[in-house]
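Structure, as structure tokens:
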Amino acid sequence: MSDRPVYLMLLALNSSRTAIALVPWYKSTEPDSSEAKPVLKDMVISPGQTLTIPQTTAGFEWVVQEPTSLSETQLIFSTAPFTQSLSALEAAKHPKAEQQRIQPLISPLEVAQAVLQDLHNASAASDMNGTASDSYVLDVNHWASLSFVYQVV
């Protein structure tokens, strides 16, 4: 119901305590490319649009597996793109696909720091006077998250 786009990222800890993410691969549609290649792009909800996360297509699989334990999924929304986060995912050399994939995070600390930096950058319009350079300002007017905690049995 917003009048501006909302960007999103899905991160989780599975039941074996492995960090995973929905890695947003899309086919490249750049005019200078002779063939379509998978590229990372922000997942975005345009004004008036609805979006199903994850977008299931043929071959997409997100199976919750043992061991029995708690799992948690975070769906993070922002008013600004996840530029640093996508760069961190790209730098991790995830296997490229031609669709969205749930994949283990190769470098979870770097991705977590990049997400915090993206949310900090989205909050840049907020008053940051007196803020230490080694801290994050996260204005709740520019981001939100939904946390889903569930038990795998």
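Looking at segment 111-133, is at least one residue touching an Asp or Glu at 6+ places or on another chain (Cβ under 6 Å), part of a loop (DSSP other than H, G, I, E, B) and at pLDDT 75 or above? Yes: segment 111-133 contains one or more residues that are touching an Asp or Glu at 6+ places or on another chain (Cβ under 6 Å), part of a loop (DSSP other than H, G, I, E, B) and at pLDDT 75 or above. Taken over segment 7-38, the criterion of being modelled with pLDDT of 80 or more and open to solvent by 40 Å² or more (accessible area, probe 1.4 Å) is satisfied by Y7, L13, N14, S16, R17, T18.
For the structure I just gave you, tell me whether T52 is in a loop (DSSP other than H, G, I, E, B) and either under 21 Å from H142 (Cα atoms) or modelled with pLDDT of 75 or more (or both).
Working: in a loop (DSSP other than H, G, I, E, B): yes; either under 21 Å from H142 (Cα atoms) or modelled with pLDDT of 75 or more (or both): yes.
So T52 passes the test.
The values are calculated or read from the model by the stated rules, or taken from the named source; none is laboratory data. Small disclaimer: the values here were computed from a predicted structure and weren't measured. Counting neighbours? That spans all protein chains shown, and the Cβs are built from the backbone with ideal geometry, glycine included. Note: accessible area is taken over every heavy atom of the protein model, side chains too, but ligands, DNA and RNA are not part of it. Shrake-Rupley method; radii C 1.70, N 1.55, O 1.52, S 1.80 Å.
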